[in-house]
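This report concerns only the one structure given below.
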Amino acid sequence: MNGLTLAQLRSIDAVVSEGSLQAAALRLGRTHPTLHTAITNVENQIGFPLFDRAGYRMTLTPVGEAFLSRARRVLAEMADLQVYAAHLAAGEESEVRVVIGDLSPLPEMLQLLRTFFDGRPATRLHLQFAAISGPWELLMQDRTDLILHHVDQSDPRFETINLRRIRLIPVVAPNFLPFPVEEASLERMRDLVQCIIRDSAEQWPAKSYYVIEGARTCTVSDQLMKKEVILQGLGWGHMPDFLVDAELRDGRLISMANSYFHGGVIELVAARRAGRAHGPAASALWRVLQGTADSNHKP
């Protein structure tokens, strides 16, 4: 088999993506006959049919589906390589995109970023804040270079660096509960307002954590607003430890932890897409985060 070209692989991908030879030819700026000939030539080269032509529309054969799956991986890797080459040719990127999730301690994360970007005046920091599933959605849609959030670390799509652990504590203002904390149960709390964070994702499947089914809720956009709602006695909820430690110490908030409400622990990580090309500045930031994590976890 002679070597296949990227143009041939793009032709096959276009026919399947567009649904017809005519639409694919229009997308590629070619004529219908020349594209048909190109597909036939590929099949002759590889020695098996990619398409079943028996029906009204050309459909992939089983081996054609397997071939296209591998071909798309090659095309994606080539696109990444071209992006990476452009970054190298231009020096460091003009922009690095970072998303900070709702459970990240802002002063700590922003100090890390400031230290890094102070030494790179040619690279602009594009910073976003997102909640719940929002950071994952932005990362998987390639709308950010990395996120500071929590992820499923068993998911092979993510490459991660562990930064720190965050405790989630169920808290309430004094006198909010009409009964002692140790008597708080799911049924009793269902009649009281629970403050929750609004998921900022637009298309990612909605996620919820620690929400009591059927409970009255107050929805807010961020953790600082949620904290203030709880402090004012408008609801109760789970809060990250770094935001409520002082209030728990001075008594402005009390922990609701009991046999029903345990809270939890999440691992805050830096995460980026695995197997993708990353520009020089984004790669350097990743190394800085790795170094910070290594020093934080030294015995």
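The values are calculated or read from the model by the stated rules, or taken from the named source; none is laboratory data. As the structure is a prediction and not an experimental result, all values here were calculated from the model. Quick reminder, even Gly has a Cβ in these numbers, built from the backbone with ideal geometry, and neighbours come from all protein chains shown. With ligands, DNA and RNA removed, areas are computed over all heavy atoms of the protein, side chains included. Shrake-Rupley method; radii C 1.70, N 1.55, O 1.52, S 1.80 Å.
Assorted remarks:
- Dividing the Cα radius of gyration of the chain by its Kirkwood radius returns 1.13 for Rg/Rh.
- Other-chain or far-sequence residues with amide H under 5 Å of S133's (modelled H): S200, A201, K207
- Surface composition of the chain: carbon plus sulfur atoms hold 53% of the accessible area, using a 1.4 angstrom probe and ignoring ligands, DNA and RNA.
- Solvent-free Debye calculation, one equal scatterer per alpha-carbon of segment 59-122: log10 I(q)/I(0) at 0.14, 0.18, 0.28 Å⁻¹ equals -0.69, -0.82, -1.12.
- Amide H contacts of I169 (H built 1.01 Å from N, under 5 Å, at least 5 apart or other chain): M239, D241
- Near T31, no amide H atom lies under 5 Å from its own; only residues 5 or more places off or on other chains count, and H is placed 1.01 Å from N.
- Considering only V172, V42, V244, the Gaussian network model of the chain with Cα springs below 10 Å gives its largest mean-square fluctuation to V42.
- Extension gain from V83 to Q111, taking 0.36 nm per residue of separation minus the Cα-Cα distance: 7.2 nm
- In this label model, L224 and A293 are separated by 2.7 nm, measuring between points 7 Å along each Cα→Cβ vector.
- Restricting the calculation to Cα atoms, segment 185-299 shows an Rg/Rh of 1.07 when the hydrodynamic-style radius is the Kirkwood one.
- Per residue, the chain exposes 54 Å² of solvent-accessible protein surface, assessed with a 1.4 angstrom probe and all protein chains in place.
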